[in-house]
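Data first, discussion second: the structure below is written as structure tokens.
The values are calculated or read from the model by the stated rules, or taken from the named source; none is laboratory data. The structure presented is a predicted model; accordingly, all values stated were derived computationally and were not measured. Glycine gets a Cβ as well: all are built from the backbone with ideal geometry, and neighbour counts include every protein chain shown. Keep in mind that these areas ignore ligands, DNA and RNA; they rest on the heavy atoms of the full protein, side chains included. Shrake-Rupley method; radii C 1.70, N 1.55, O 1.52, S 1.80 Å.
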Amino acid sequence: MLSSKRCIFILGRQVGKDFCLSCFVVWKCITSPNEKIILVSPAQRQSELLYNRILELIGSSNELFDSIEKSNAEMCRFSNCSEVYSLPSTGHIRGFTEVTYAILNESCWGIPDEVFASVEPMLAVKNGALVCVSSPSSCIGKTWEYFNNPRTTSPPCPWPPARPARRPRCP
């Protein structure tokens, strides 16, 4: 996810996608100054759940908590000028510039193509990364297009573990 500018993860339900995203966002904001990360989900409630998980992670450590300069219901700014924004998936999310990571959570489930069209220009100034994370859905839409694009990284996940080859049964 760090070396690719377009990355997609299609994972099952309840495997820890939000937790992993939260850890990545906090780590990236702490270790890299001037990061601007936007979180986009199909509904504002889903964005808030992911954002609240990030805030809970920050609140679990005094060092992390002390690194926050400003925080409200929609954004969090770290003392090193990194920022995280929580947004719904509407075409009205325009206006953000210099975005380093756009994380589209549950991108298969209700993020319209116009949101992808709104997010792509936000990444242009800093050559930012688009990260799509979702449970599987149908074979249509932008997530499916990105999944099948050879320029998009889709790392293999070794779960469930491969079954050992069966031995032929003796008669």
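Please determine whether any residue of the stretch 11-22 is open to solvent by less than 70 Å² (accessible area, probe 1.4 Å), more than 21 Å from ASN72 (Cα to Cα) and free of Cβ contacts under 8 Å to residues at least 12 places away in the same chain.
yes
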Report task. Residue by residue through the stretch 73-109, note down the ones that are outside any loop (DSSP other than H, G, I, E, B) and of a type in the set (D, E, K, R). Result -> ARG77, GLU83
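Go through the stretch 110-122 and give me each residue that's part of a loop (DSSP other than H, G, I, E, B) and within 14 Å of the chain's Cα centre (by Cα).
First, the residues of the stretch 110-122 that are part of a loop (DSSP other than H, G, I, E, B): 110-112.
Across the stretch 110-122, the qualifying residue is only ILE111.
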Report summary line: Residue hits (the stretch 123-140; surrounded by 21 or more Cβ atoms within 10 Å (Cβ to Cβ) and either in a loop (DSSP other than H, G, I, E, B) or touching a Pro at 6+ places or on another chain (Cβ under 9 Å) (or both)) are LEU123, GLY128
Query raised in the report: Residues PRO112, PRO121: which one is at pLDDT below 90 and more than 15 Å from GLN44 (Cα to Cα)?
Result: PRO121
Query raised in the report: What number of residues in the stretch 68-106 are farther than 16 Å from PHE24 by Cβ and among the small types (Gly, Ala, Ser)?
Result: 6
